[in-house]
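Inspection log for the structure reproduced underneath, given as structure tokens.
The values are calculated or read from the model by the stated rules, or taken from the named source; none is laboratory data. The structure presented is a predicted model; accordingly, all values stated were derived computationally and were not measured. We place every Cβ from the backbone using ideal geometry, glycine too, and count neighbours over all the protein chains shown.
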């Protein structure tokens, strides 16, 4: 029998995430990369790698945000998650994270460092349980939540996606 979102939230002890959905850090490497060995976009030393569980339920979305490192997403359970990535050349890429390759879904996708991205369930989906691995490791000092108006000015051709993946206050 398929587990539901409530099962995973309780079983994995997930907590609400500032961008939307639920998460829990699963791994943080003890190996530190010194700031002087990293690009200037990093604001301090970083763990070599980090990973989290992330769960999004129906009628939730992960608000557009960006980080200083590449982020690898892994599909675990539930329904297809659509991740929208705004590209530096003005384009947009729609990644389908799921377990049905016949519907164009992939088990893993990569979001490139510095690109804006956010996610929502595919139509009719109940939840998606995924994992995110970041290297060099994630730190909230490198996290930036999108501001709707300025992002629409930068990407006017994608204003519908931006409106659907940002909150009114941001």
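Candidates are the residues of region 158-170 that are assigned to a loop (DSSP other than H, G, I, E, B) and modelled with pLDDT of 95 or more; the one that is farthest from residue 73 (Cα to Cα) is 166.
Looking at region 41-56, can you tell me whether even one residue there is surrounded by fewer than 21 Cβ atoms within 10 Å (Cβ to Cβ), closer than 24 Å to residue 137 by Cα and without any contact (Cβ under 8 Å) to a residue 60 or more places away in the chain? Scanning region 41-56, I find at least one residue that is surrounded by fewer than 21 Cβ atoms within 10 Å (Cβ to Cβ), closer than 24 Å to residue 137 by Cα and without any contact (Cβ under 8 Å) to a residue 60 or more places away in the chain, so the answer is yes. Filtered by the rule that a residue be touching a strand residue (DSSP E or B) at 6+ places or on another chain (Cβ under 8 Å), closer than 30 Å to residue 128 by Cα and not in a strand (DSSP E or B), region 10-46 gives 12, 13, 14, 17, 18, 19, 20, 21, 29, 30.
Determine if region 128-136 includes at least one residue that is surrounded by fewer than 18 Cβ atoms within 10 Å (Cβ to Cβ) and closer than 21 Å to residue 8 by Cα. Within region 128-136, one or more residues are surrounded by fewer than 18 Cβ atoms within 10 Å (Cβ to Cβ) and closer than 21 Å to residue 8 by Cα.
Of the residues that make up region 141-157, is at least one surrounded by 19 or more Cβ atoms within 10 Å (Cβ to Cβ), closer than 30 Å to residue 37 by Cα and at pLDDT below 95? Scanning region 141-157, I find at least one residue that is surrounded by 19 or more Cβ atoms within 10 Å (Cβ to Cβ), closer than 30 Å to residue 37 by Cα and at pLDDT below 95, so the answer is yes.
When residues in region 64-97 are screened for being assigned to a loop (DSSP other than H, G, I, E, B), touching a helix residue (DSSP H, G or I) at 6+ places or on another chain (Cβ under 9 Å) and closer than 30 Å to residue 44 by Cβ, 3 of them pass. For region 98-120, the set of residues classified as closer than 23 Å to residue 136 by Cα and part of a loop (DSSP other than H, G, I, E, B) consists of 107, 112, 113, 114, 115, listed by residue number. Which of the residues spanning region 98-127 are out of contact with any helix residue (DSSP H, G or I) (no Cβ under 7 Å at 6 or more places or on another chain), farther than 18 Å from residue 65 by Cα and surrounded by 15 or more Cβ atoms within 10 Å (Cβ to Cβ)? Of everything in region 98-127, those that are out of contact with any helix residue (DSSP H, G or I) (no Cβ under 7 Å at 6 or more places or on another chain), farther than 18 Å from residue 65 by Cα and surrounded by 15 or more Cβ atoms within 10 Å (Cβ to Cβ) turn out to be 98, 105, 106, 122, 125.
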